[in-house]
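Comments concern the structure below.
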Amino acid sequence: MDKTIKKLTAVLCCLALPILFYEQAVFVAAKILNSIRTSLENTTPGSPAISFLKENMAILYSSIGAVFISSVLGIIYHVLKKRSLKPADGQKLRGTQYRYAVFFGAAGAIFFNLLMEFSRLPELLPASESIEAATAQSHRLLTALCTCLLIPVAEELIFRGMGFLLLRKYMGYLSTALLTSAAFALFHGNAPQIFYGFCMGLLLTHTAEHYRTLLAAVLFHCAANLTSFAFLGTTAQKELIFSVPVLGLSGIAAAWLYHKIRDIRRD
């Protein structure tokens, strides 16, 4: 009974509360930006600042929330990680070894994006288009910065940092991987993204488990989002004659990198 209570408390403190904290930070950022926009509309109607806020509202409040959460949870995670550090966690990895995490993220992103495309989930469940609709008018560079750097850092601190790496002290690998991947998937909100998020979440936990560093998961996530940002909508994704071989090659690459990362600390 005591072990069950400890596990539930750990899940609450290391996963549930950070997720709620992130959501609240984004909500507050959105409220503040909306207040600023309303104030500008009343004082200087038609100003370029109003147009900029309207076009980039979703990206701006997501970025602000991500930066705030990364700052706060980064400190908390660093303190808690030092207290629960295992001897093997202190082993230094060469910088070049992190390239596998980057390539793993890119290969996984291409593979699972193509699987989603073949499954027709985006067509059957068009709610997945809401993300694209929310950012369609946004500044492309700002969108790339937010989706390929700021949000991955914040999400990795929550799901692989606070969630996976710290929960491993209380739970086994498989249960922790499934729990944090499911939470990561549900966090993304709609059916196609839930499928994609769960699959990528499992690859991320595999990466975090064997590197034993949050940096590897962050690099994976940034590479995956950057690849998706550049890959979605391309001919290689849309045309069957191109997408089938790309699916196969990315799957082979992901499988090879999966095994390479499993042996990363033996190299």
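Projecting the Cα atoms of LEU149, LEU249, THR4 onto the charge dipole of the chain (Cβ charges, centred on the Cα centre) puts THR4 farthest toward the positive pole. Consider a paramagnetic label point 7 Å from the Cα of LEU174 along Cα→Cβ; state which residues of region 251-267 have an amide N under 17 Å from it. Once the point is set 7 Å along Cα→Cβ of LEU174, nothing inside region 251-267 turns out to lie under 17 Å by backbone N. With the cut-off at 1.5 for a/c, could you classify region 2-266 from its C-alpha gyration tensor as rounded, prolate or oblate? Here region 2-266 falls in the oblate category.
Applying a threshold of 26 Å to the alpha-carbon distances of LYS7/LYS81; LYS31/LYS169; LYS3/LYS81 flags LYS31/LYS169 as lying beyond it. If R0 is 30 Å, the Cβ-Cβ spacing of SER71 and ALA230 corresponds to a FRET efficiency of close to 0.60.
For the chain, modelled as a GNM whose springs connect Cα atoms under 10 angstrom apart, the maximal fluctuation among THR227, THR207, THR43 occurs at THR43. So between LEU20 and ALA182, what do we pick up on full extension, going 0.36 nm a residue minus the alpha carbon distance? Stretched out fully, the LEU20 to ALA182 stretch lengthens by 56.8 nm.
Read the figures in this text as sums done on the coordinates, not as results from a lab. These numbers come from a predicted model, not from an experiment. Note that each Cβ is placed from the backbone with ideal geometry, even for glycine, and that neighbours are counted across all protein chains shown.
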